[in-house]
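Data block below; observations after.
The values are calculated or read from the model by the stated rules, or taken from the named source; none is laboratory data. Just so it is clear, the structure is predicted and the values come from calculations on it, not from any experiment. Cβ coordinates were reconstructed from backbone atoms using ideal geometry, including for glycine residues, and neighbour counts include every protein chain displayed. Quick note on the areas: whole protein, heavy atoms, side chains included, nothing else; ligands and nucleic acids left out. Shrake-Rupley method; radii C 1.70, N 1.55, O 1.52, S 1.80 Å.
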Amino acid sequence: MTNSQDEPVIRDSRRIDPETGELRTPPATETEEESAALAGEVVDETAEQQADGRLQEQLDERTADLKRLQAEYVNYRKRVERDRVAVREQAIAGVLTDLLPILDSLDKAREHDELVGAFKSVGESLETTLGKLGLERFGEAGEPFDPNVHEALTHVPSPDATEESILEVYQPGYRIGERVVRPARVVVSGPQD
């Protein structure tokens, strides 16, 4: 009995088949097969890494887009809220400006003791309601003169005055928050020039 390991192994490494005359591919050896498999794995790993890299880039891009959209939405909401508040303040200021002559008439009636009975309660109710809307009255005698909120109708020089102050109020001023609806019309007393 002969052992197959003892028999000689003949490998035909000719590139052209002697019987058919056609070009043949040499059979791969085990090391070549291992190399090819390893190369395939490397190619597969490289392709997977490239695919993972592309997916990560897309994920980063989508995340950046989402963050940008979220920031735009937050800015939009803030802008809409700010505009809504501004429009509300303008609407209230417009209505209150139209009501100022009525408040002036109430003040004149109060000065002449003509504001009595039902008219007095209506006047007080109106002033309270306007106060709740943010209307604030300013301009009293003795206050320092501020040209930003007071309109000086006349100037009376005074030898004892060290600074300009309100001597008399012709018409009170009104404001809503920091916004002046109507400046106070006043007589100003100040140092002599």
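Observations
- Centroid-to-centroid separation of the range 53-81 and the range 133-193 [C-alpha atoms, Å]: 52
- Loop-exposed GluC sites (Glu not before Pro) per DSSP, neighbour cap 15 Cβ within 10 angstrom, longest uninterrupted part of the chain: 23-113
- Accessible area per residue for the range 39-193 is 73 Å², calculated with a 1.4 Å probe on protein heavy atoms, without ligands, DNA or RNA.
- Between the helical axis of 30-111 and the longest alpha-carbon principal axis of the chain there is an angle of about 10 degrees.
- Accessible-area value, ILE10, 1.4 Å probe, nucleic acids and ligands omitted, Å²: 150
- For the chain: relative contact order, % (alpha-carbon pairs under 8 angstrom, 6 or more apart): 14
- By the Stokes-Einstein formula, at 0.692 mPa s and 37 °C, the chain with its Kirkwood radius over alpha-carbon pairs has D equal to 124 µm²/s.
- Accessible surface of the chain, 1.4 Å probe, proportion on carbon and sulfur as whole %: 52
- Count, lysine Cα pairs under 24 Å in the chain, 8 or more residues apart or across chains: 4
- Highest-fluctuation residue, ASP113, ASP17, ASP160 considered, GNM on the chain with Cα pairs under 10 Å: ASP17
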